[in-house]
Amino acid sequence: EPPSKAKPFFFFHLRKSGGSAFRPAIAAAALRLQLAFLVACLEDVGGGTNNLVNMLVGNDKARSCNLYTLDFLPGISKSKDPKFEKANELSVVAAHLYYDSIPFLLSIAFEKNSHATIEHRGYNFNYMDHQPFSCIIMVRDPIDQFLSCYQERLEPAIGRKASELPLETLENVLTGYTEMSNPHGCTNEIARFISPSYLNDEQVNRGQLSREAIQETKRRISQCTITDVTQRHDDTLRIVQHWHPWLAEDYLGQNTGHHAHIPNASVRKELTPEALELIAQHTSLDRELYDFAMLRFEQEVEAINMNTNMNDANGIA
């Protein structure tokens, strides 16, 4: 079923995972279904007051592309400004979004439901017997993700390719780039956006999540559909078509293919074994989370295969 105010959809766009080519399809589907939506970097796609990014920032692309939280929702949901008339109807969200931003939106959806308990930035939700939202997380191999993020976000500031960095400098980039006036760093992206660390970038960059936090992150991953467009593009298309049919028409129509801007394995070949080992060491947190997510991905693919085989056996087209 399509998203709605009562059951919104979230795309948790982890940086450098291939999600930039996915967001236009999400916006197109929301436009087609006349849903209120907030899709980062797509302030100019139309939709009138349904396009909350445009209502928030106008045509300011820089602000549109840097929506990491939904902390502004309490203000605009109570605003009497007509441009925010659809804020309480928000049904589709796609951005570099921290998981812990979503409770307020869910509290809007369930404000008249006495059975639902919403704790803002809390981790113990009581949603009766069903999950009141759907979501997609697009993941990528942690080493490839770091290298791609470094190439786009950090290399211009540092002025050197990752392969040219002394090991000491590379380790500082991996663990403490927030100290160099960068708001995030490029390490452990699944943990950064999905874990309960919420904006604690130093903790994420150093991989210092407790086992309880890691288990909570895995629980959150299990709530969502997992996709990997960089290594499993065709299966990702099948997964979207099967689990999110409201979105499939627009996503399949893009024929996105593999993304030219995503560095391939040749980037790894430029690095010394010592450098690769250092990156692997400092992305080990996300390696655990990525491996867990890909187990769920394989379960999704297997479920589709079983469904297809069953339909074939029953003569269902």
> If amide H atoms are built 1.01 Å from N in the plane of the peptide, which residues on other chains or at least 5 residues away come under 5 Å of the amide H of ALA36?
Replying inline: SER91
> Can you give the extra length, in nm with one decimal, that the chain gains between GLN281 and THR69 once fully stretched, where that is 0.36 nm per residue apart less the Cα-Cα distance?
Replying inline: 73.4 nm
> Quick one: Karplus J couplings for segment 46-55, per residue in order, coefficients 6.51, -1.76, 1.60, θ = phi - 60°, nearest Hz, x for Gly and Pro?
Replying inline: x, x, x, 6, 5, 8, 5, 5, 5, 5
> Got a sec to turn the phi values of segment 206-219 into Karplus ³J(HN,Hα) couplings, 6.51 cos²θ - 1.76 cosθ + 1.60 with θ = phi - 60°, whole Hz, x for Gly and Pro?
Replying inline: 8, x, 9, 7, 6, 4, 5, 5, 5, 5, 5, 4, 5, 4
>> Quick one: 3J(HN,Hα) in Hz for segment 184-198, Karplus 6.51/-1.76/1.60 with θ = phi - 60°, rounded, Gly and Pro as x.
In response: 9, x, 10, 9, 6, 5, 5, 4, 4, 9, 9, 6, x, 5, 5
> P(r) for segment 1-113: what percent of alpha-carbon pairs falls in each 10 Å bin, starting at zero?
Replying inline: 15, 52, 30, 3
> Which aspartates and glutamates have a Cα less than 16 Å from the Cα of LYS269, not counting those fewer than 8 places away in the same chain?
Replying inline: ASP141, ASP144, GLU164, GLU277
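Each value in this text was obtained by applying a stated rule to the coordinates, not by laboratory testing. Because the structure is predicted, anything quoted here is derived from the model rather than measured.
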